[in-house]
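Any read-out appearing in this document is the output of simple, stated calculations on the displayed coordinates, not a laboratory observation. Only a predicted model underlies this, so the values are computations on that prediction, with no experimental measurement involved. Here the Cβ positions follow ideal geometry from the backbone for every residue, glycine too, while neighbour counts run over all protein chains shown.
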């Protein structure tokens, strides 16, 4: 995490399988009542917690990223889900999580990171473009970043 976030006592750590219920419990409120929990089955934290992160301030969950290394494409990784508490958005937390994930990807020999979202999620599209992803529009918006 960058120095500004450290000064705000914002701490990032690797996720653990035990974080799953905590993440699922905040998702509806973070997405204005939309129930997106089906998009994040527990298996992601059971099998990919070593490439996923939790962000906390004073013990309160304020962000998370769930990502993994592709088992089938040896040079690729995938960011499956990211969430930032609405009160903490626009504070570079999402960017810091992505950079931390990119660092793990590089150490593990991955040179491509992919992600996707719905075309109506314009905030996500702008964020990914700002993070250096190539944006491909189809029925879903797909993002690719070459490290």
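Please give, to one decimal in nm, the separation of the simple spin-label points placed at residue 130 and residue 71, each 7 Å out from Cα toward the Cβ.
For the pair residue 130/residue 71, the computed spacing is 3.5 nm.
At 0.36 nm per residue, and after removing the present C-alpha to C-alpha distance, how many nm does the segment from residue 81 to residue 25 gain when stretched out fully?
18.7 nm
Quick check: Cα centre of region 105-130 to Cα centre of region 63-98, how many Å?
8 Å
Say a paramagnetic label sat at a point 7 Å from the Cα of residue 90, along Cα to Cβ; which residues of region 107-135 have their backbone N under 19 Å from it?
In region 107-135, the label zone of residue 90 (backbone N under 19 Å from the point 7 Å along Cα→Cβ) covers 121-131.
Taking all pairs of different Cα atoms in region 59-120, averaging 1/r and flipping that mean, what Kirkwood radius in angstroms comes out?
12.6 Å
Is the shape of the chain rounded, prolate or oblate, going by the alpha carbon gyration tensor and its root eigenvalues a ≥ b ≥ c, with a/c under 1.5 for rounded and a/b larger than b/c for prolate?
It comes out rounded by the Cα gyration axes.
Mean residue ellipticity at 222 nm from the helices of the chain, using -39,500 (n - 2.57) per DSSP H segment of n ≥ 4 over the full residue count, to the nearest 500 deg cm²/dmol?
Per the formula, -8500 deg cm²/dmol.
Going 7 Å from the Cα of residue 112 in the Cα-to-Cβ direction, what parts of region 67-86 have a backbone nitrogen less than 12 Å from that spot?
Only 70, 72-78 pass the distance filter.
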